[in-house]
Amino acid sequence: MKKRIAPSLLAADFANLQRDSEMLNTSEADWFHIDIMDGVFVPNISFGMPVLKAIARHAKKPLDVHLMIVDPDRYIEEFAALNAAILTVHYEACTHLHRSLQKIKSCGMKAGVALNPHTPVHLLKDIIQDIDLVCLMSVNPGFGGQSFIEQTFEKVKELKALINQKGAATLIEIDGGVTDANAKALTEAGADVLVAGSFVFKSDDPKATIAKLKFI
């Protein structure tokens, strides 16, 4: 199976979200990656519900929604109503992670868990079979355009080993600093989904850049 590419709309032109969404529709991208930030869990504020609703009107591919917010359980049903296909919550933000995952699934979405760079993979060993996707943050969450944290490669390998050991079908997603310089190595380490923001949207030809990441 070829890797999935999920361009992050955090790096898109906010004044031309319809244009950029339609570009992704006709590109080799697999998912729309959408970061929801509250200015509390991370030091930045991004999209809210009205913007996500507007994106959803134009998107013809699954919405991969990444919640970087405190108390995400409060909003799970709202994101389901906005047609999120995958809803990812942060391990660090969930007091009762199993309950959060079950609620996401009960609303008809795939359930994801994101880990910050400092959070070890082994904390998921008792719950990995309940997780559809693990998003490994390869930068500190909150802002686009950061440099890739090299330790991520070892973390991917460790997570892949845990998934195999438990017989789980969990996908591994990498979010932050993904470029053509590390995409192949990340896939070889075990990554299934690559999130790319600035590298795609700041390039001269975003569609060609997406295709390069997909088939590199």
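The numbers here are math on the coordinates, done by the rules we state, and not lab data. Only a predicted model underlies this, so the values are computations on that prediction, with no experimental measurement involved. Reconstructed Cβ throughout: ideal geometry from the backbone, glycine too, with neighbour counts over all protein chains shown.
As a quick test, which of the pairs 3/157; 125/184; 61/155; 3/53; 157/184; 61/105 have an alpha carbon distance above 21 angstrom in this structure?
125/184; 61/155; 3/53
In Å and whole numbers, how far do the C-alpha atoms of the chain stretch along each principal axis, longest first?
43, 37, 31
What residues have an amide H closer than 5 Å to that of residue 176, excluding those fewer than 5 places away on the same chain, when H is modeled at 1.01 Å from N in the peptide plane?
Close amide H contacts, sequence-distant or interchain: 138, 195.
At 0.36 nm per residue, minus the direct Cα-Cα distance, what do residue 71 and residue 14 gain on full extension? Give it in nm, one decimal, please.
Length gained between residue 71 and residue 14: 17.9 nm.
Given the options 190, 112, 48, which has the most mean-square fluctuation in a GNM of the chain, springs set between C-alpha atoms less than 10 angstrom apart?
Answer for the Gaussian network model of the chain: 48.
Identify the residues of segment 106-133 with backbone N under 20 Å of a label point that sits 7 angstrom from the Cα of residue 158 along the Cα-to-Cβ direction, or state none.
113-133
Label point 7 Å out from residue 146 along Cα-to-Cβ: which residues of segment 176-194 have amide N under 13 Å?
176-178
Restrict the search to segment 10-90; then list the trypsin sites (Lys or Arg not before Pro) that DSSP places in a loop and that have at most 15 other Cβ atoms within 10 Å of their Cβ.
Qualifying residues, ordered by number: 60.
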